[in-house]
Amino acid sequence: MNTNELHRGRLIDHLQLVTRDLARSKRFYQAVLDAIGLPLGGEGPGFFWADELFVSTPESPAAAGQVTGRVHLAFQAPDRAAVDRFHRMAVEAGGTANGAPGERPYHPGYYAAFVLDPDGNNIEVVHHGPAQRSATSVQITF
């Protein structure tokens, strides 16, 4: 009998954004990832990816020939400095400021910034304040 494992704890398995200009989007998202300390996972003809984020051209087999509509996507930051860094670096990389770094009223300690990517998607980086994860994921073995 085989043992299988599932890891739960993340709501999103992956997110695909389809862009009009892959090079411009890669420059933007590389800056975002650098700001929060995550590496680019890889790239190929017509796409690049990092962790659960996949960005492609409309010609990608998974894109069905359509650019995605406006999306709101939030990345977690390890601290407020990363939020500040994101805002500066994302704007320098071609994004449009859409909310300067600062506290938001969502809950105490919620510190975030917003930048529109080259396709108009609203990209947020947020630090939730002092907190500790209970686990990176929940492991289910069957």
Exercise. If you average 1/r over all unlike Cα pairs in the chain and invert the result, what Kirkwood radius do you get in angstrom?
Worked result: 16.3
Seminar exercise, completed: For His87 the rounded accessible area (nearest 10 Å², probe 1.4 Å, non-protein molecules ignored) is 30
Exercise. Between exposed GluC sites (Glu not before Pro) in the chain, where DSSP calls loop and at most 14 other Cβ atoms lie within 10 Å, what's the longest gap?
Worked result: 60-142
For this session: Of the options His127, Leu38, Pro108, report the single residue whose Cα projects farthest towards the positive end of the charge dipole of segment 36-142 (beta-carbon charges: Lys, Arg +1; Asp, Glu -1).
Result: Pro108
Exercise. Roughly how many Å² of Arg80 are accessible to a 1.4 Å probe, to the nearest 10?
Worked result: 90
For this session: Might you report the magnitude of the Cβ-based charge dipole of the chain about its Cα centre, with Lys and Arg at +1 and Asp and Glu at -1, to the nearest 20 debye?
Result: 200
Problem set entry | For the chain, built as a Gaussian network whose Cα springs stay under 10 Å, the top-fluctuating residue of His72, His107, His128 | His107
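The values are calculated or read from the model by the stated rules, or taken from the named source; none is laboratory data. All values reported here derive from a predicted model rather than from experimental measurement. Reconstructed Cβ throughout: ideal geometry from the backbone, glycine too, with neighbour counts over all protein chains shown. The area values use the complete protein model at the heavy-atom level, side chains included, leaving out ligands, DNA and RNA. Shrake-Rupley method; radii C 1.70, N 1.55, O 1.52, S 1.80 Å.
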